[in-house]
Amino acid sequence: MQLAKVIGDVVATCKDPNLVGQKLLLVQPLDPDHKPVGRVLVAVDSVGAGAGEEVFVVRGREASFPFLPAEVPTDLNIVGIIDHWATVGEDRP
Amino acid sequence: MILAKIVGTVVATRKDERLVSSKLLLARPVDPSGKAQGGYLVAIDTVDAGEGETVLIVSGSSARMAAGLKDAPVDAAIVGIVDTVEVKT
């Protein structure tokens, strides 16, 4: 999974039937120092995250697993809202 | 998923038979403000998107979960037409 921050949301009325009812949130991947890294992506949300919250996301086909048996066509899903994280002495570049 | 803008169409009469009757569109990833970022991709359209529209594209094997693509050889499917993108923080 990957660290990320919810920075906004996306509205799309015309979409795949299995996406109806799913919240679409804008997420910015983060590095362990809470700094943005990489592109802003769109994730579905299965834990009720809101803008400003730090979360972790699952990518790929597994992103649709929380919704099975419904086949939600998503490759990014917020599966955890992070309270806090700490990095132990690791010499990062 | 990624946000992308439809910049063209792709026509291929000779193609895998599971792709027959699918609409192929040319899309370019964009950031929330609409600025292009990254390379182009061919995506199968399942929501009748048109040129110039901002869309939602699912990639990888999850693309096959989009409507009617169960065993189609695809890794990018357009699954939504975006009305608004709001950056709050």
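A few notes on this one:
- Note on the range A:41-68: residues that are within 10 Å of the chain's Cα centre (by Cα) and at the interface with another protein chain (Cβ under 10 Å from one of its Cβ atoms) amount to 6.
- The range A:1-23, subset at the interface with another protein chain (Cβ under 7 Å from one of its Cβ atoms) and touching a residue at least 12 places away in the same chain (Cβ under 8 Å), residue nearest to A:Ala86 (Cα to Cα): A:Ile7
- Subset of the range B:64-89 [of a type in the set (Gly, Ala, Ser) and at the interface with chain A (Cβ under 7 Å from one of its Cβ atoms)]: B:Ala66, B:Ala67, B:Ala77, B:Gly80
- Which listed residue, of A:Glu90, A:Glu71, is of a type outside the set (Lys, Arg), crowded, with 16+ Cβ neighbours inside 10 Å and over 13 Å from the mean Cα position of the chain (by Cα): A:Glu71
- Among residues of the range B:39-59 being exposed (fewer than 15 other Cβ atoms within 10 Å of the Cβ) and free of Cβ contacts under 8 Å to residues at least 40 places away in the same chain, the one that is farthest from A:Val40 (Cα to Cα) is B:Asp48.
- Taking the range B:13-33 as the range and being at pLDDT below 95 and part of a loop (DSSP other than H, G, I, E, B) as the test, the residues that pass are B:Thr13, B:Arg14, B:Lys15, B:Asp16, B:Val20, B:Ser21, B:Ser22.
- Test: B:Lys15 is over 24 Å from A:Gln22 (Cβ atoms), within 12 Å of chain A (Cβ to nearest Cβ) and basic (Lys, Arg): no
- Residue that is modelled with pLDDT of 90 or more, part of a strand (DSSP E or B), under 24 Å from A:Pro69 (Cα atoms) and within 8 Å of chain A (Cβ to nearest Cβ), where the choices are B:Val58, B:Val47: B:Val58
The values are calculated or read from the model by the stated rules, or taken from the named source; none is laboratory data. Computed from a predicted structure; not experimentally measured. Neighbour counts run over all protein chains shown; Cβ positions are idealised from the backbone, glycine included.
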